[in-house]
Amino acid sequence: MSPKNANSFARADLSAYSFKQKLIIHLAERAFYVMIKLIGKTIRYETNDWENFLQIERAGKVPIYSFWHNRIFAGTYFFRNRGIVVITSQSFDGEYIARFIQRFGYGAVRGSSTRGGVGALVEMIRLMKKGSPMGFTVDGPRGPRYTAKSGALLLAKKTGNPLMPFVVETEKHWTINSWDKLQIPKPFTRAKIFIHEPLYVANNADDAEIEIKRLELQEKLDELVANGEQWRNSIKQI
């Protein structure tokens with residue numbers, strides 16, 4: 001496991017919240033943790049192109065896990081306890097999200113694309129230089145759905161570490177009526193993790209090259225989604 005940083009892996013102080021807010025945070029934290037753990041333990045995972053992940057390790061790099069927001073449920077359980085640090089919102093909701101993912105062995109850096117984004121990126125750069133892998137929902141936190149943003153690419157540029165685009169496809173899941181159409185895997189379903197080749201960004205990349213890389217990331221993730229759908233459809237035909 002990658003080295004942990006006390007700030008990102010330690011629980012945040014809740015003294016600024018009211019008693020009612022603290023109660024909600026603790027209840028929500030436990031509810032999400034229990035739900036993901038109980039369902040996650042029943043999922044039958046398999047991987048595709050795991051060699052692409054090993055390629056990053058052999059190069060002496062650490063990955064920037066890059067994926068779509070609506071696949072976060074199954075991905076959270078599969079990649080647990082790897083010392084991955086993710087960015088969570090500075091909002092009230094972000095507090096219980098940070099706490100339940102920490103229960104799965106993740107670190108949490110607080111910020112978003114609208115609040116604290118620059119500070120969060122600086123902290124992620126610092127942690128990556130200490131050897132911590134990062135996780136990015138590249139269309140989060142509010143979409144548009146399946147549209148890649150540039151935050152993970154800027155992190156790759158500043159650290160020299162590659163993006164590892166992946167998609168978790170579940171055979172059976174419920175779809176929540178949210179902006180991202182969040183997928184909740186059904187118990188005992190099959191899931192397959194599709195991993196693309198790592199994507200590097202030059203440390204002198206300008207805005208135009210960042211945009212080219214963003215479109216490349218978009219293409220890779222779109223391809224993985226298509227591969228996942230093809231796999232799921234092939235199961236239905238058996």
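Summary of values
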| read-out | value |
| --- | --- |
| For the range 77-218: span of alpha carbons on each principal axis (Å, largest first) | 46, 30, 27 |
| Convex hull volume of the range 70-156 per residue (C-alpha atoms, cubic angstrom) | 90 |
| Residue among V167, V201, V34 with the largest mean-square fluctuation in a Gaussian network model of the chain, springs linking Cα atoms under 10 Å | V34 |
| Viscosity 0.692 mPa s, 37 °C: Kirkwood-radius Stokes-Einstein D of the range 135-204 over Cα pairs, µm²/s | 237 |
| Label point distance in nm, R103-D13, each placed 7 Å from Cα along Cα→Cβ | 2.4 |
| Spread of Cα-to-Cα distances over 10 Å intervals beginning at zero, given as percent, for the range 1-87 | 12, 35, 35, 13, 4 |
| Cβ-based charge dipole, the chain, positive-most Cα from N48, V86, P144 | V86 |
| Gaussian network model of the chain, springs between alpha carbon atoms under 10 Å - residue of P144, P162, P185 with greatest fluctuation | P144 |
| Pairs of alpha carbons in the range 1-158 whose separation is greater than 18 Å (percent) | 61 |
| Integer Hz, Karplus 6.51/-1.76/1.60 couplings in order for the range 50-60, x for Gly and Pro | 4, 4, 5, 5, 5, 4, 5, 4, 5, 7, x |
| Counting DSSP beta bridges with both ends in the chain, the antiparallel % (nearest 5) | 35 |
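Readers should treat all values here as calculations from the given coordinates under stated rules, not as data from a laboratory. Since the structure is predicted, the reported quantities are computational estimates derived from the model, not experimental observations. Here Cβ is always computed from backbone atoms with ideal geometry, including for glycine, and neighbour counts include all displayed protein chains.
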